[in-house]
Each structure stands twice: as C-alpha cells, then as structure tokens.
1. What's the FRET efficiency of residue 205 with residue 181 using the Cβ-Cβ distance as r and R₀ = 35 Å, to the nearest 0.05?
2. How much length would be gained if the chain were fully extended between residue 108 and residue 151, taking 0.36 nm per residue of separation minus their Cα-Cα distance, in nm to one decimal?
3. Which order do the peptides 56-63, 17-24 take when ranked by the mean count of other beta-carbon atoms within 10 Å per residue, highest first?
4. For helix 149-161, what angle does its Cα long axis make with the longest principal axis of the chain, in degrees from 0 to 90 and rounded to 10?
5. Compute and list, largest first, the equivalent-ellipsoid semi-axes of region 15-95 from the alpha carbon gyration tensor, each √(5λ) rounded to a whole angstrom.
6. Expressed as an acute angle from 0 to 90° and rounded to the nearest 10, what is the orientation of the C-alpha long axis of helix 117-141 relative to the principal long axis of the chain?
7. If r is the Cβ-Cβ distance from residue 34 to residue 101 and R0 is 30 Å, what FRET efficiency results, to the nearest 0.05?
8. Can you report the principal axis dimensions of region 63-108 using only the alpha carbons, biggest first, rounded to whole angstrom?
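Just so you know, all these numbers are worked out from the coordinates, no wet-lab data involved. As the structure is a computational prediction, the values presented were derived from the model and not from experiment. Using ideal geometry, Cβ is built from the backbone for each residue, glycine included, and neighbour counts are taken over all protein chains shown.
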Amino acid sequence: MRALVGYLVVDVLRTQRWLPPLLLFAAVLGMLYASDAGPPLAAYAGTCVLVYPVSAWLAVVVAGTEDPVRRAVTAVTAGGWARVQVAATAVSATGALGLALVAAVVPVLTQPRPYPPAVVAQGFGGLAVCALVGVGVGVLCGRPVVDRVGWSVLAAGGLVVLPLLFGRTPPIGNLLWSLSHGDGVPGALALSGGLALLLVAGATALATALGPRRG
C-alpha cells in the first residue's frame, strides 16, 4: 500500500493539476489574515469555508489524475480496485489535512490576538472536519463516480454550496455556527467529525464498487 500511495502522489505532482487549488488556498488565506481577522474561533470559521471547497477540488484532482485505462492497469497491478481507491482517498485526505494544519498555524504566527493552544486545537479540529467533508464530496464527484469533467465540476460545486445554504445543519453548518459563536464546539466537532468519516468511507465504497464497471 505504501508503494501505491507513493506512486499516486508522484503521479499527482507530475500533472501539476494541484497547483490551482493550492494557489487559491494560499491567496485567500493570505487575504484573510493580512490584518486583524477578529476573534480566533470566528476567524477559524471563516477559514473552514475556504478549506472545505479546496479539499473537494483537491480530491477531484487526485481522482482524475489517471484516465480509466491507466486506472484499470494500476488496479490489476496493485491487487484490486479497492486498494487503488483507498490509496487515492488516503492521498486526498492527507493533502486536505495538511492544508487544514497550515490554516490552523498561520494565524498563530500572523495575528496580533493571542491564540491559546486549546483554541488552536478546536480550530484545527473544525478545519480537519471540513477538509474531510470536502474529500468525501470530491470522491463522490470525481472518477469513477462521475467520469465527465464538466459534470464533475458542476456536481462538486453544487454539493459544496448546498450545505452552506441550510443554516446549522451538520456536518458543516452546525460547525461553522459553533465556531463563529464560540458555543458548543466540542459537541459540534464530535457530531460533524463522525459524519465526515462516514461520508468519506461511503464515498470510497461507492467509487470502489463503480470502478470495475467504468474502468
């Protein structure tokens, strides 16, 4: 599995399709923390809104790095579609959680307000949950679940925006509200974190099931 993950990482880096989401992340993060971003938890809530779609975009990029023919060859070589899909999800999740970690640390280094360790831990928790939800959305909207680039973009855009329209609905709305108001953050993290893991696992299982049919 380690060799397979390494191969996928190298393949993703080679395509350079990861550059647009990374540049967007860096640019918006820089603007958010260019001046006083306000209370720490509220600032983290704003950063969650950035990490969520960027993570979905990154997962779509990872899913589409190989065309169906190459992915079928990789599946045969690696020992099955399940191993390849789990590895692809792991690469996406690792990248997304890396972005969450950066987003948690940057305000500690740039903001004039104090960021106590407990607050940073809660902020990183929220960012990590939003990153994983984004990965789940990206896996659902990338190959092999959605094999057309245009439809993939539309589906991912719709699924990213939709949860933001339903107020305090988990796993995104309740977490953003809790961070913004500084109230009930541990409970929101537990609920939304569990739902995020279920989403990632379900999306991975669906992609694994569809892979042999569309490969």
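1. Working: r = 35 Å, r/R0 = 1.00.
With R0 = 35 Å, the Cβ-Cβ based efficiency is 0.50.
2. Gain in length upon complete extension: 11.6 nm.
3. Working: 56-63: 27.8, 17-24: 14.6.
Answer by packing, highest mean first, reads 56-63, 17-24.
4. Its long axis makes an angle of about 30 degrees.
5. Semi-axes from the Cα gyration tensor: 34, 13, 7 Å.
6. 30
7. Numbers: r = 20 Å, r/R0 = 0.68.
So the FRET efficiency works out to roughly 0.90.
8. 46, 17, 10
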